[in-house]
Amino acid sequence: MLVGLAGCNESTSAKNEKEFEGVITYKILYKDKDYSSVYGDTMKIYYSRGNIAKVYNSQGADAVRKEVFYGESRRYLIQLAASDTVFTYDMADRGNFTLAATKRSSEDAKILGHVCRKIEFDEVYHRGVGVKIYNSFLYSPEVLKVDKRHFKDWNFGHFNVYAGEAGVFYLKFETSYSVGDDTKLITRTYTAVDIQEQKIDSSIFRVDTTITKPMIL
């Protein structure tokens, strides 16, 4: 069975605010642990009306092929190369994560010519060994505008907090984590290298959900 956009998100942007629709290409860099067999070196985000498809270029056996986030239905699906099963998650669920701290700052750095602001999240994961997660979003208020209403219930990664404040998609995303007493951070960085405004074919958001399994976070 193919799942697409039908019934997932019919919300429209505010009348006087043009919402971005198109494709953002990010280069992926790794520090302290190489996950290129999982994610590759490039991610493309296809965005339309609160719906997101993240497509990776990894060809490895452990590769993530696609992640899809469905607008106001809050449904997340992840498709792995090594499995016929699509894992699903309700993004309204807070899972076992706690947002421990939020930091805000301005950045001198420019990405694609845009001066950035930064929002940082410190999170704690409460299942099993102590895992600490540090996420940062760099964004410009002038580019990649989104309708905040699409994301108001997206507790997954606390993206609702980010989008509710920034009101735009990010130009750079960095995620790091440490485990237990180990202070070494394992980091992935996604930096935008190209933005194309265009109409998105809804087929990019379709995923074969013949076999699904809930993802436990």
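The values are calculated or read from the model by the stated rules, or taken from the named source; none is laboratory data. Everything numeric here is computed off the predicted structure, so don't read it as measured data. Note that we place each Cβ from the backbone using ideal geometry, even for glycine, and neighbour counts take in every protein chain shown. Heads up: the accessible areas ignore ligands, DNA and RNA and are worked out on the full protein's heavy atoms, side chains in. Shrake-Rupley method; radii C 1.70, N 1.55, O 1.52, S 1.80 Å.
Data table
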read-out: Every residue from the range 110-139 that is farther than 19 Å from Leu185 by Cβ and surrounded by 13 or more Cβ atoms within 10 Å (Cβ to Cβ); value: Ile111, Leu112, His114, Val115, Cys116, Arg117, Tyr139
read-out: Pairs, first on the phi < 0 side of the Ramachandran plot and charged (D, E, K, R) in the range 81-102, second in a strand (DSSP E or B) and surrounded by 14 or more Cβ atoms within 10 Å (Cβ to Cβ), C-beta under 8 Å, six or more apart; value: Asp90/Arg75; Asp90/Tyr76
read-out: Complete set of residues in the range 162-176 that are in contact with a strand residue (DSSP E or B) (Cβ under 6 Å, 6 or more places away or on another chain) and open to solvent by 30 Å² or more (accessible area, probe 1.4 Å); value: Lys172, Phe173, Glu174
read-out: For Lys118: the one exception among (1) farther than 16 Å from Thr25 by Cα; (2) touching a residue at least 24 places away in the same chain (Cβ under 8 Å); (3) touching a Leu at 6+ places or on another chain (Cβ under 7 Å); value: (2)
read-out: Residue tally, condition of a type in the set (D, E, K, R) and in contact with a helix residue (DSSP H, G or I) (Cβ under 8 Å, 6 or more places away or on another chain), over the range 139-148; value: 1
read-out: Breaking point among (1) within 21 Å of Ile195 (Cβ to Cβ); (2) open to solvent by less than 50 Å² (accessible area, probe 1.4 Å), for Val86; value: (1)
read-out: When residues of the range 38-57 are limited to those that are in contact with a Gly (Cβ under 6 Å, 6 or more places away or on another chain) and in a loop (DSSP other than H, G, I, E, B), the one most open to solvent (accessible area, probe 1.4 Å); value: Asn57
read-out: Residue within the range 210-217 that is touching a strand residue (DSSP E or B) at 6+ places or on another chain (Cβ under 9 Å), part of a strand (DSSP E or B) and either at pLDDT 95 or above or crowded, with 16+ Cβ neighbours inside 10 Å (or both) present; value: no
read-out: Residue in the range 140-161 that is most open to solvent (accessible area, probe 1.4 Å), counting only those that are in a helix (DSSP H, G or I) and either closer than 17 Å to Ile45 by Cβ or among the aromatic types (Phe, Trp, Tyr) (or both); value: Phe156
read-out: Residue identified as out of contact with any Ser or Thr (no Cβ under 8 Å at 6 or more places or on another chain), under 25 Å from Ser83 (Cα atoms) and of a type in the set (A, V, I, L, M, F, W, C) among Phe169, Phe156, Phe151; value: Phe156
read-out: Residue match in the range 177-184 (condition: without any contact (Cβ under 8 Å) to a residue 60 or more places away in the chain and open to solvent by less than 20 Å² (accessible area, probe 1.4 Å)); value: yes
